[in-house]
Amino acid sequence: MKTLKSILCLSLSASCALGLSAQSIVRGVVVDAQKKPLVGVNATLLHGKRQVSGMVSDQSGHFALRCPESGAHQLRLSYIGHQSYTLSLALGKDETLQLDTIVLPELSAELMGVEIVGRARRDYNSDYSYSSTKIPIRNKDLSAAVSTITKELIQDRQAYQLADAVKGASSVQQIGFYNHFNIRGITQNAHGQVLNGLRTNQIYFAQPLVQHIERVEVIKGPGSISLSSADPGGTINMVTKKPLRERLREVNMALGSWGTVRAGLDFTGPINEEGSLLYRLNVGAQQAKSYRDLIENNSLLIAPSISYIPNAETAINLELNYSNIRGKLDRGQPTFGDTKTREDLLKTPISMSMGAATDYYHTQDLVATLSLSQHLARGLKLNAQYLKELWIEDMKEHRTNNRYVRNRAGESLPNLIQLRY
């Protein structure tokens, strides 16, 4: 019996090995005009209109595409800001084809003003910003200062909220516990944040999740011309994740102090065989309390996105961002007395909150964005975006005035404090 099992196992292993080896491999290296390796180049292998393999180039510019069938194929390489590359191949059965080094020259004039397809690079650098200028130009050619926090840096920092993400940008500080920031010494107004370069209503009292954010761009200095934001210190632009041609799945989870539980998923890839219809789904959830009494922050984020790219001239993207946040406002550590001194601050524990157990903060936010990029003629392209937002906020709060109640004679009563409702 043992001999029979061994023979079956060996036969199965051999058949699997034959099945794995019975495929062709196309290898190559892609560089720029200065012979520097290009990281994150989108490499696809097509059989007719059907994609049979796809990947992105690694840190050294190498790619290796596996093809399970022989015959005529087409290799396509694409990278933002560079000319695309297409090569026809005739692959035999179980063949390894090593291509010569492929050069992709820069083509900055072809940068789209509307971002339809997601960024394939997997490092901390971002060479472009469509939203900050509304024109096809690279960051190194900008006169403005743009600090970019990519999704890789957000993930490695375990930044689930916007305040955690922007800590990587210089001259940016969070104000209090809310979604409110100071840039270059100037505090933002109520519309200091934009989404994909479009003005939205800013969630102020709670920190939104960033599971669906591709990168956070801090455009320093006045941005009212291109971003409809009059903040002289700067503007925070959140660029959402767009669909990719490569099929990818990611699930993450984190546990922390004070009952913090966070989870998220990111699925993307083609919907049809032609690869003209792409999707991306991001879901994030958080349940968390605080070191301060009664404070909590529970959030749910659902962000689906669909891109339709029928040809090289037309690209359409539709995305929805739904956010549901429930918690309580944190007004900070209270002090009691007629003066605000360091001694007064030390009289109360840092964990003290003057809110009531029945207080609540609830906000729902739904943003729908439709983007279109249409090539009209040589050197002429139409880019358009439309955003619609629905926003509901409900709040109940007890808040201290940091003062004792006074009697008719004007004397403080240390056993009674003033509250606002």
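The values are calculated or read from the model by the stated rules, or taken from the named source; none is laboratory data. This one's a predicted model, so the numbers in the text were calculated from it and none came from an experiment. Please note: Cβ atoms are built from the backbone with ideal geometry, for glycine as well, and neighbour counts cover all protein chains shown. Note: areas computed on protein heavy atoms with side chains; ligands, DNA, RNA excluded. Shrake-Rupley method; radii C 1.70, N 1.55, O 1.52, S 1.80 Å.
Structure summary
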| read-out | value |
| --- | --- |
| Total formal charge among the other residues, if their Cβ is under 14 angstrom from that of THR101, Lys/Arg +1 and Asp/Glu -1 | +1 |
| Total formal charge among the other residues, if their Cβ is under 15 angstrom from that of ALA72, Lys/Arg +1 and Asp/Glu -1 | +2 |
| Calculated FRET efficiency for the pair LEU320/LYS35, C-beta based, R₀ 41 Å, to 0.05 | 0.45 |
| Additional length obtainable on full extension of the chain from ASN311 to ILE392, 0.36 nm per residue less Cα span | 25.2 nm |
| Burial ranking of peptide ranges 366-376, 254-264 (average Cβ count within 10 Å, highest at the top) | 366-376, 254-264 |
| Theoretical gain in end-to-end length, HIS62 to ASN401 [0.36 nm per residue, Cα-Cα removed] | 115.7 nm |
| Hits among aspartates and glutamates - C-alpha to C-alpha of LYS49 under 12 Å, sequence gap 8 or more where chains match | GLU273, GLU274 |
| Qualifying trypsin sites (Lys or Arg not before Pro) for region 317-421 [loop in DSSP, other Cβ within 10 Å: at most 15] | LYS340, LYS347, ARG378, ARG408 |
| Ratio Rg/Rh [Cα only; Rh per Kirkwood] for region 257-387 | 1.24 |
| Placed amide H near ASP359: partners under 5 Å, 5+ positions off or other chain | none |
| Under 5 Å, built H, 5+ apart or other chain: amide partners of SER53 | LEU45 |
| Sequence-distant aspartates and glutamates (8 or more away, or on other chains) whose Cα lies within less than 18 Å of LYS220 | ASP127, ASP141, ASP231 |
| Trypsin sites (Lys or Arg not before Pro) restricted to region 27-63 and DSSP loop, no more than 13 other C-beta within 10 Å | LYS35, LYS49 |
| Probe 1.4 Å, accessible area per residue of region 283-421, Å² | 61 Å² |
| Region 223-314 - percent of accessible surface contributed by carbon and sulfur, probe 1.4 Å | 59 percent |
| Reachable aspartates and glutamates from LYS36, criterion Cα separation under 13 angstrom, eight or more residues apart if same chain | ASP58, GLU106 |
| Sequence ranges 162-168, 232-238, 290-296, 95-101, ranked by mean other-Cβ count within 10 angstrom, highest first | 232-238, 162-168, 290-296, 95-101 |
| Förster radius 41 Å - calculated FRET efficiency between SER257 and LEU366, Cβ distance, rounded to 0.05 | 0.85 |
| For region 192-295: relative contact order, % (alpha-carbon pairs under 8 angstrom, 6 or more apart) | 23 percent |
| Å² of accessible area per residue within region 19-71, as computed with a 1.4 Å probe and no ligands counted | 45 Å² |
| Dipole moment magnitude, nearest 20 debye, region 270-421 about Cα centre, only Lys, Arg, Asp, Glu C-beta charged | 640 debye |
| Chain lengthening between LEU265 and LEU419 when straightened (0.36 nm per residue, less Cα-Cα) | 51.2 nm |
| Three semi-axes of the equivalent ellipsoid, region 272-331, Cα gyration tensor, whole Å, largest first | 40, 10, 6 |
| GluC sites (Glu not before Pro) restricted to region 360-421 and DSSP loop, no more than 14 other C-beta within 10 Å | GLU411 |
